[in-house]
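Data first, discussion second: the structure below is written as structure tokens.
The values are calculated or read from the model by the stated rules, or taken from the named source; none is laboratory data. Please read all numbers here as calculations on a predicted model, not as lab measurements. In this analysis, Cβ positions are derived from the backbone assuming ideal geometry, glycine residues included, and neighbour counts consider all displayed protein chains.
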Amino acid sequence: MKTAYTFVPSPNHEYPGHPERPGRLDVLEPKLASFHAERIETIRATTDEVARVHQPKLIRAIEETCKQGMGIIDHAPTYITETSFEDALFAAGGALACTRAVMNGDAQNAFAIVRPPGHHAEPQRAMGFCIFNNIAIAAQDALARGMERVMVIDYDAHHGNGTQAAFLNDERTGFISTHQWGIYPGSGWIEDAPHATGRLVNVPLHARAGDRTFARIADAIFKPVVEIFRPQMLFISAGFDAHWNDPLTSLGLSTKGFYEISKKLVGLAEEYCDGKIVFVLEGGYDPHNVAHGAGAVFDALTNSQFGDEAHDPSPYPEPDHESRIHEILKWNGIAE
């Protein structure tokens, strides 16, 4: 069965000098036809679909603010333009289209390559370059269409605070976030959600955590959490700012590391979710890293031989994370 993808570049959603810009996708776009995947049409999310995650007053406020033209709406800074409301609806729609293709059996798995990104957007506010939370909206759509349990795994360099907030009191949803500790947005400590241990799992990492650390986390944390929670579908917040030379962050993944972790996630979906998995683009602010990282994800999704054209191993030594992993497992009641 095919791998599907949507592509929503939102060329008019741009602010001078801002790192979250259309140019993030410039290196990737001409490569898309080579990834053995089928592009499907995106859809425009309805405000009712967005309202499964976001408060209606936020949706109305974003719509009205965009009519006023370009401006800053959050200290990150998060910006809007005249087209950003529609762009955000189509970005959420790209994630919805991928989710429905997988649920309907039209695709085995899928990758929503969309912007603006979404995982920082909380139910009551846009923030962190994000307007609407694309992946949370897609996960809620899966639940509305009959799924009983879904899980988001977020390997962006920043904590997915918006997704955590959206899932905080919904026991049908699981969430795991790996992220560099101490950077924006400042959330994501192990003990963030004491009422939801084992369901909302934070994995704060030291700078330069890279391929070896992420492989260990996938085996020691991702697998047992998925095994216990038993989601029927996995959603992945794919942030290529976890690359070692991203201009905004300081983690340590290489392109091969993105492939290896994506391959493990696809394997978990095959083992526990009948293969149902949807990746959704989040961060990544070097266009070459985004292109190479997306290629690694497509190789994992299509079971293609990994061709590391980037060949970009991190030059930095990785800090040891064993004590942190043990602390996370203990807090979440997971046997080692």
Exercise for review: Residues being within 18 Å of residue 264 (Cα to Cα) and among the β-branched types (Val, Ile, Thr): count how many of those fall in region 286-314.
Suggested key: 2
**Study point:** Tally, over region 191-208, of residues that are crowded, with 18+ Cβ neighbours inside 10 Å and touching a Lys or Arg at 6+ places or on another chain (Cβ under 9 Å)
**Key:** 4
Point to revise | Hits in region 190-228 - residues which are of a type in the set (Gly, Ala, Ser), outside any helix (DSSP H, G or I) and closer than 19 Å to residue 250 by Cα | key: 207, 209, 210
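Does residue 129 satisfy the condition of being buried (at least 23 other Cβ atoms within 10 Å of the Cβ) and at positive phi?
Values: buried (at least 23 other Cβ atoms within 10 Å of the Cβ): yes; at positive phi: yes.
Here the answer is yes, as residue 129 does meet what is asked.
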Review point. For residue 283, are the conditions met, namely being touching a helix residue (DSSP H, G or I) at 6+ places or on another chain (Cβ under 9 Å), crowded, with 24+ Cβ neighbours inside 10 Å and either modelled with pLDDT under 95 or in a loop (DSSP other than H, G, I, E, B) (or both)?
Key: yes
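If the requirement is being under 23 Å from residue 26 (Cβ atoms), assigned to a loop (DSSP other than H, G, I, E, B) and not charged (D, E, K, R), which of these qualifies: 291, 310?
Values: 291 fails: assigned to a loop (DSSP other than H, G, I, E, B).
Exactly one residue qualifies, and that residue is 310.
Conditions (1) over 19 Å from the mean Cα position of the chain (by Cα); (2) part of a helix (DSSP H, G or I), marked per residue:
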| position | (1), (2) |
| --- | --- |
| 79 | yes, no |
| 88 | no, yes |
| 97 | no, yes |
| 100 | no, yes |
| 110 | no, no |
| 118 | no, no |
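Identify all residues within region 60-71 that are touching a residue at least 40 places away in the same chain (Cβ under 8 Å) and surrounded by fewer than 20 Cβ atoms within 10 Å (Cβ to Cβ); write none if there are none.
70
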Exercise for review: Report, by residue number, each residue of region 286-322 that is at pLDDT below 95 and aliphatic (A, V, I, L, M).
Suggested key: 310
